[in-house]
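See structure below.
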Amino acid sequence: TLDCGQASNADALVAELFGFSKRSGFNVDAAGRAGKALLADGGILFIDEINSMPLELQPRLLRLVESGRYSALGSGDEVNVDIQVIAATNRDLRELVRERAFREDLYFRLGQLVVTLPPLGERRADVVPLAERMLAAAARHFETGPLHFAADALALLEGFAWERAGNLRGLQHTIERTVLMLDAGRRRVERDDLVLPDLLAAAAE
């Protein structure tokens with residue numbers, strides 16, 4: 001996984017993706033360091049928040065996607081890899097292309113197959129099973145013992161405007177906060193126990 005949203009700058013992202021060659025002269029071990037492109041050889045490179053990738057790095061990614069070739073930092077030698085690239089974005093890349101913040105050729109190269117995940121507000125039936133799964137995961141993580149939701153708590157979660165409160169992440173953070181604030185020994189999460197987030201965006205008219 002290459003998380004573009006976590007990189008501090010373009011240089012750090014280049015190093016993360018392509019790595020360093022042997023005796024590269026950079027402040028790394030003389031044996032070099034493999035980048036995500038090489039680590040994904042024979043498998044899948046997942047690029048998260050590709051909308052955050054700096055424009056100057058996008059031609060190098062395009063070449064990697066098209067030819068499977070790249071050069072590690074500190075070397076002019078080319079490396080061949082066999083990878084499949086899956087990219088995720090939290091912004092509309094078509095809009096970024098129109099704003100000249102994302103390369104059109106890279107957009108079309110990555111868009112061979114596009115899967116659009118609708119917001120939770122458009123798939124209410126998914127909220128309850130997702131919430132119950134997240135509650136079980138949070139209970140294991142915080143070692144509280146098994147927990148379950150009261151019916152009115154599930155109804156509130158199902159009807160909440162998650163599209164204005166972080167969508168899937170907002171739901172997950174709500175459940176984790178709720179579990180952390182739950183009194184010791186409690187096994188049922190009631191409606192009033194839910195620590196709901198603020199609604200950040202204005203309602204659509």
Computed FRET efficiency, Cβ-Cβ of R169 and L55, R0 30 Å: what is it to the nearest 0.05? 0.70
Counting only DSSP loop positions in the range 150-191, the trypsin sites (Lys or Arg not before Pro) whose Cβ has at most 12 other Cβ atoms within 10 Å are R187
Over the chain, what relative contact order in percent results from Cα pairs under 8 Å that are six or more residues apart? 15 percent
What are the ³J(HN,Hα) couplings of the range 89-97, residue after residue, when phi is run through the Karplus curve with 6.51, -1.76, 1.60 and θ = phi - 60°? Round to Hz, x for glycine and proline. 9, 9, 9, 6, 5, 5, 5, 5, 4
Multiply the residue separation of D41 and L62 by 0.36 nm, subtract the distance between their alpha-carbon atoms, and state the gained length in nm to one decimal. 5.9 nm
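Quick one: in the chain, what % of C-alpha pairs are over 26 Å apart? Spell out each step's value before the answer.
Working: 10753 of 20910 pairs.
Counting every Cα pair in the chain, those more than 26 Å apart make up 51 percent.
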If you count only protein heavy atoms and use a 1.4 Å probe, how large is the accessible surface of S52, to the nearest 10 Å²? 50 Å²
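Full extension from A101 to M181: what is 0.36 nm times the residue separation minus their Cα-Cα distance, to one decimal in nm? Display every interim value, and only then the final one.
On the way: separation 80, 0.36 × 80 = 28.80 nm, distance 4.19 nm.
In short, 24.6 nm is gained.
Between A12 and F142, what FRET efficiency comes out of the Förster formula 1/(1 + (r/R0)^6) with R0 = 30 Å and r the beta carbon distance, rounded to 0.05?
Details: r = 33 Å, r/R0 = 1.09.
Efficiency, rounded to the nearest 0.05: 0.35.
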How far is helix 127-142 tilted, in degrees, relative to the longest principal axis of the Cα atoms in the chain, given as a value from 0 to 90 rounded to the nearest 10? 80 degrees
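Compute the semi-axes of the equivalent ellipsoid of the range 93-205, taking the square root of 5 times each eigenvalue of the Cα gyration tensor, and list them largest first in whole Å.
On the way: eigenvalues 242, 50, 31 Å².
Equivalent ellipsoid of the range 93-205: 35, 16, 12 Å, largest first.
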Which three lengths, in whole Å and largest first, does the range 125-179 cover when its Cα atoms are put on their principal axes? 30, 21, 16
The range 93-178 - percent of accessible surface contributed by carbon and sulfur, probe 1.4 Å: 52 percent
Shape descriptors of the range 65-147 over alpha-carbon atoms, Rg and Dmax in angstrom, are 20.3, 56
DSSP-defined antiparallel bridges as percent of all bridges, the range 1-142, nearest 5: 40 percent
Taking the alpha-carbon centroid of each part, what is the distance from the range 53-68 to the range 101-120 in angstrom? 15 Å
What do you get for GluC sites (Glu not before Pro) in the range 80-144 restricted to DSSP loop and a cutoff of at most 10 other Cβ within 10 Å of the site's Cβ? E99, E143
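For the range 106-159, which trypsin sites (Lys or Arg not before Pro) are both in a DSSP coil and crowded by at most 13 other Cβ atoms within 10 Å?
Working: sites: R109, R123, R124, R133, R140; in loops: R123.
Answer by residue number: R123.
The values are calculated or read from the model by the stated rules, or taken from the named source; none is laboratory data. From a predicted model like this one, the values you see are computed outputs, not experimental measurements. Here Cβ is always computed from backbone atoms with ideal geometry, including for glycine, and neighbour counts include all displayed protein chains. The protein model used for the area step is the full one, side chains on, heavy atoms only, and it has no ligands, DNA or RNA in it. Shrake-Rupley method; radii C 1.70, N 1.55, O 1.52, S 1.80 Å.
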